[in-house]
Amino acid sequence: MPKMSGGRAAVEALRANGVDTVFGLIGSATMELFDALYDAPDIRFVGVRDERTGTHMADGYARASGKAGVIIAGQNGPGVTNLVTGIAQARAAYSPVVALAGALASGHVHRDAFQEVDQMALFHPITKKTYHANAAARVPELVNEAFRTALSPRRGPVLVNLPRDVLAGEAEFDAIRPSGIERLGAALRGDAGHIAEAARLLQGAERPLIVGGGGLKSERGQKAVLGLAEALGVPVAMAPGHGDALPFDHRLNAGQVGPRGNDVASRLAREADVILALGTRLGFNSTFYSYDNVNPDAKIVQVEIEPTALGRFFPAEVAIWGDAAAVADELRAACGPCDGGRAWLERFLSDRAAYLEAREQTADPHRTPIGPETMFKALRDVAPADAIYTMDAGTLCLQATEKLNYRTVPALFTPLDFGLVGFSFGCGLGVKLACPDRPVISLHGDGGFAMGAAELATAVEQGINTVTVVMNNQCWGAEKAYQRDFFGQRYIGADLRNPPFDELARLYGAHGIRVEAPGDLPDALREALGCGKPAVVDVMMDPDALYSFRRDSFAHRAKA
């Protein structure tokens with residue numbers, strides 16, 4: 001290949017790795033890279049208003065597509081530090097985000113130069129690995145290493161620092177080849193002895209339960225786990241945030257488990273005598289690390305692609321290092337029906353049907369301001385079967401995760417263990433670009449939506465037609481609930497004054513709708529879904545409909 005700049009070599013490396021969408025914000029440190037993107041019509045550049053929300057877009061794109069999401073922070077210093085929250089979020093979600101970061105010119109390092117910060121040290125704790133290019137000739141090599149690292153199990157974010165002199169420098173390159181990550185070998189299968197022991201435990205159980213997690217969802221393992229569940233006759237619960245790992249309407253789908261799940265699935269975990277944990281750490285959101293949420297006498301069979309997760313929080317009777325879907329297939333071949341669990345299964349099916357019926361009945365179509373259950377029922381009734389939902393953190397979104405129906409996998413993207421407010425809108429834009437033919441509905445509280453509202457400009461400019469539902473209760477709901485329930489209603493910093501978000505949307509060129517009456521919700525949602533533009537539905541929610549999720553954290557303040 002002819003001599004080229006480091007910036008052009010970076011773009012050629014992206015091309016070689018099949019990248020067709022890049023998010024970013026330009027800056028003077030990376031002008032050679034952006035100039036090369038100008039000559040790459042096969043790569044769509046999505047210019048964002050803030051590097052944090054751009055990283056959420058790359059995160060959503062990665063999780064929805066199964067490919068790496070790419071974000072460029074064009075400016076060293078402040079441009080790169082703006083990535084921190086988004087990269088930490090991606091790390092918590094095991095999301096393969098590749099960040100290309102402008103960096104200080106090599107000769108200015110350690111001189112208190114303009115916009116100098118130690119970017120290697122800053123990102124080391126929140127990435128799988130952070131690389132630094134010290135010569136133009138090494139740029140493609142390091143970009144390839146970033147893709148290999150981000151996409152290899154367990155996946156996660158990677159950052160490549162690209163000094164401005166390296167991007168401007170020239171070198172002669174051999175043919176720039178892809179990383180080869182797509183040619184990794186077959187899924188890791190379980191040890192034969194462990195498979196046999198796990199099959200024995202499952203078939204002998206009287207109260208068996210499968211708990212699926214992100215490992216099933218990220219590898220699209222629903223067919224494997226459903227095949228196993230059907231062969232055994234065992235209910236399947238999901239870790240919170242992964243309620244879409246199985247289609248909602250499958251009879252064995254118990255929904256999400258644990259203190260942030262539903263009562264039926266959570267009872268199963270507290271009473272099961274054998275738990276098969278497939279692709280899940282049994283971590284904080286599923287268990288609060290407490291035997292209050294897991295039967296202490298249960299025999300746990302845990303399957304994880306990350307060996308350090310095996311038995312980490314709860315001792316495993318059988319620990320299987322392997323790919324969740326591949327091991328589920330192996331277990332299916334080794335197992336027959338779980339005859340001793342028939343009564344357990346019948347009780348589950350009855351309880352689940354009653355739970356879903358009660359969920360429908362709790363919505364009050366006449367309650368004003370609008371209650372959460374009414375909001376969620378309207379979404380269940382109106383949203384198409386292939387709808388994708390993105391969620392923020394916060395009290396209303398935490399309630400929503402178990403109140404919606406996820407029929408087409410994948411369909412739910414949340415901040416997971418990072419609990420990030422301000423995530424959903426940006427994530428939804430990235431998800432929509434990965435899945436352009438599916439409707440994407442992003443749920444936010446009013447505080448969280450305001451954090452990223454400037455990306456309305458990005459949505460309009462790029463024609464990314466998501467629907468954002470702002471559940472507007474004029475407060476930071478989770479914190480206000482704690483102040484109400486545990487701090488004697490001593491409210492400080494909890495209440496918010498917002499602009500009319502429907503009007504704000506229209507000022508940006510998007511479609512805006514305000515909803516105050518519950519009867520108007522279904523038509524407003526249909527209008528937003530069909531308007532052919534980015535849409536914001538500003539729903540006036542009951543400010544008193546708050547719930548304290550982390551009651552365990554404030555038990556010391558609870559009154560006897």
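The values are calculated or read from the model by the stated rules, or taken from the named source; none is laboratory data. The shown structure was predicted, so the numbers you read here are calculated from the model rather than taken from an experiment. Here the Cβ is made from the backbone with ideal geometry for all residues, glycine too, and neighbour counts use every protein chain on show.
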Worksheet item: In segment 167-174, is there at least one residue being outside any loop (DSSP other than H, G, I, E, B), in contact (Cβ under 8 Å) with a residue 40 or more places away in the chain, within 23 Å of G66 (Cα to Cα) and touching a strand residue (DSSP E or B) at 6+ places or on another chain (Cβ under 9 Å)?
Response: no
Practice prompt. Could you tell me whether any residue of segment 345-368 is over 30 Å from P543 (Cβ atoms), at pLDDT 95 or above and touching a Gly at 6+ places or on another chain (Cβ under 6 Å)?
Written response: yes
Worksheet item: Filter segment 414-442 for residues that are among the hydrophobic types (A, V, I, L, M, F, W, C) and within 23 Å of E479 (Cα to Cα); which is surrounded by the fewest Cβ atoms within 10 Å (Cβ to Cβ)?
Response: F418
Response to the item:
V257 passes all but one of the listed conditions (1) in contact with a Lys or Arg (Cβ under 9 Å, 6 or more places away or on another chain); (2) without any contact (Cβ under 8 Å) to a residue 60 or more places away in the chain; (3) among the β-branched types (V, I, T); the exception is number (1)
Worksheet item: Within segment 525-560, which residues are closer than 22 Å to G463 by Cβ and among the hydrophobic types (A, V, I, L, M, F, W, C)?
Response: L525, A528, L529, C531, A535, V536, V537
Practice prompt. Give the number of residues within segment 530-545 that are among the small types (G, A, S) and under 15 Å from D364 (Cα atoms).
Written response: 1
Discussion item. Return the residues of segment 140-157 that are aliphatic (A, V, I, L, M) and under 13 Å from A101 (Cβ atoms); say none if nothing qualifies.
Written reply: L142, V143, A146
Worksheet item: Between a first residue in segment 542-560 that is in contact (Cβ under 8 Å) with a residue 12 or more places away in the chain and surrounded by 15 or more Cβ atoms within 10 Å (Cβ to Cβ) and a second residue that is part of a loop (DSSP other than H, G, I, E, B) and of a type outside the set (S, T, N, Q), which pairs have beta carbons less than 6 Å apart while being 6 or more apart in sequence or on different chains?
Response: D542/P369; D542/G371; A545/G371
Worksheet item: Considering only residues of segment 471-496 that are of a type in the set (G, A, S) and farther than 13 Å from F549 by Cα, which is farthest from the chain's Cα centre (by Cα)?
Response: G488
Worksheet item: Across segment 254-287, what is the number of residues that are crowded, with 22+ Cβ neighbours inside 10 Å, under 22 Å from R332 (Cα atoms) and of a type outside the set (A, V, I, L, M)?
Response: 4
Worksheet entry | Yes/no for C397 being closer than 18 Å to V97 by Cα and not small (G, A, S) | no
Discussion item. Report every pair of residues separated by at least 6 positions or lying on different chains whose Cβ atoms are under 8 Å apart, first residue within segment 127-143 and modelled with pLDDT under 95, second part of a helix (DSSP H, G or I) and among the acidic types (D, E).
Written reply: none
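Conditions tested, residue by residue: (1) hydrophobic (A, V, I, L, M, F, W, C); (2) under 19 Å from G322 (Cβ atoms); (3) surrounded by 20 or more Cβ atoms within 10 Å (Cβ to Cβ).
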residue: G193; (1), (2), (3): no, yes, no
residue: Q203; (1), (2), (3): no, no, no
residue: L209; (1), (2), (3): yes, no, yes
residue: L252; (1), (2), (3): yes, no, yes
Fill in: Residues within segment 380-399 that are out of contact with any Phe, Trp or Tyr (no Cβ under 8 Å at 6 or more places or on another chain) and part of a helix (DSSP H, G or I), tallied
5
Worksheet item: Quick one: in segment 455-498, which of the residues that are among the small types (G, A, S) and in contact with a Ser or Thr (Cβ under 9 Å, 6 or more places away or on another chain) is surrounded by the fewest Cβ atoms within 10 Å (Cβ to Cβ)?
Response: A481
Fill in: Which listed residue is at pLDDT 95 or above and aliphatic (A, V, I, L, M), from A113, A93
A93
Worksheet item: What number of residues within segment 64-81 are in contact with a strand residue (DSSP E or B) (Cβ under 6 Å, 6 or more places away or on another chain) and crowded, with 24+ Cβ neighbours inside 10 Å?
Response: 8
Worksheet, complete the sentence: By residue number, the members of segment 355-376 that are in contact with a Leu (Cβ under 9 Å, 6 or more places away or on another chain) and in a helix (DSSP H, G or I) are P372, T374, M375, F376
Practice prompt. Mind counting the residues in segment 101-124 that are over 28 Å from the mean Cα position of the chain (by Cα), under 23 Å from V70 (Cβ atoms) and not in a strand (DSSP E or B)?
Written response: 3
Worksheet item: How many residues are more than 17 Å from S424 (Cα to Cα) and outside any helix (DSSP H, G or I) if we restrict to segment 474-487?
Response: 3
Worksheet entry | Top-ranked residue in segment 293-333 [being out of contact with any strand residue (DSSP E or B) (no Cβ under 9 Å at 6 or more places or on another chain) and free of Cβ contacts under 8 Å to residues at least 12 places away in the same chain; ranked as nearest to R207 (Cα to Cα)] | P296
Practice prompt. Tell me which residues, restricted to segment 335-350, are assigned to a helix (DSSP H, G or I), surrounded by 17 or more Cβ atoms within 10 Å (Cβ to Cβ) and not aliphatic (A, V, I, L, M).
Written response: G341, W344, F348
Worksheet item: Scanning for something at pLDDT 95 or above, within 22 Å of L252 (Cα to Cα), part of a loop (DSSP other than H, G, I, E, B) and out of contact with any Lys or Arg (no Cβ under 6 Å at 6 or more places or on another chain), does segment 410-432 turn up at least one residue?
Response: yes
